[in-house]
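Accompanying notes for the structure given below.
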């Protein structure tokens, strides 16, 4: 599927989506530790693919610049990971990727989408809120942090 970003995005060329495969994990693992202090492991990704989770890549000029994974359970979609490579951030691509994953969830008859986000990740929280997600709860000590644990904000979107 081709998606042309609107003119408000700095990236002027088309981006594409395709399903993630095990053979993509080297490229994914080159991105993951550059953008997260506590990145997913190769095992996290391979286990998600083996479990049949909906895993998608965002491509620019045939290069992987982002990815997202959603776990579908009955009529709920749980966004597990949404990532854009460091050099491509702040260009609206996270929004494009999230909108795509919301459509994937709707196509799978999900009634709601849920996610956890670090309480300190204000740019991600702003993106989620801008697309209609609402704070539902706080999960205390959910994420590892440098000297302790960090809270996660549980957010939800009715589809």
Query raised in the report: Where does each of 127-133, 103-109, 90-96 land if you order them by average Cβ count within 10 Å, highest first?
Result: 90-96, 127-133, 103-109
Report task. Could you tell me the convex hull volume per residue, in Å³, taken over the Cα atoms of the chain? Result -> 115 Å³
Query raised in the report: Fewest first, what order do 60, 147 take by the number of other Cβ atoms within 10 Å?
Result: 147, 60
Requested in this report: Kindly give the semi-axes, whole Å and largest first, of the ellipsoid equivalent to the stretch 58-142, taking each as the square root of 5 times a Cα gyration tensor eigenvalue.
Outcome: 21, 18, 11
Query raised in the report: Given Cα pairs under 8 Å that are at least 6 residues apart, what percent is the relative contact order of the chain?
Result: 17 percent
Report summary line: Final fewest-first order of 100, 36 on the 10 Å Cβ neighbour count is 36, 100
Report summary line: Only helices counted: for the chain, with every DSSP H run of 4 or more residues adding -39500 (n - 2.57) and the sum spread over all residues, [θ] at 222 nm is -8500 deg cm²/dmol
**Report entry** Centre separation in Å (Cα based) which lies between the stretch 33-47 and the stretch 53-72
**Finding:** 14 Å
Report task. Order by neighbour count: 102, 65, 35, fewest other Cβ atoms within 10 Å first, most last. Result -> 35, 102, 65
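All of the numbers you see were taken from the coordinates with simple rules; none came from a lab. Everything numeric here is computed off the predicted structure, so don't read it as measured data. Don't worry about glycine lacking a Cβ; one is built from the backbone with ideal geometry, like all the others, and counts go over all protein chains shown.
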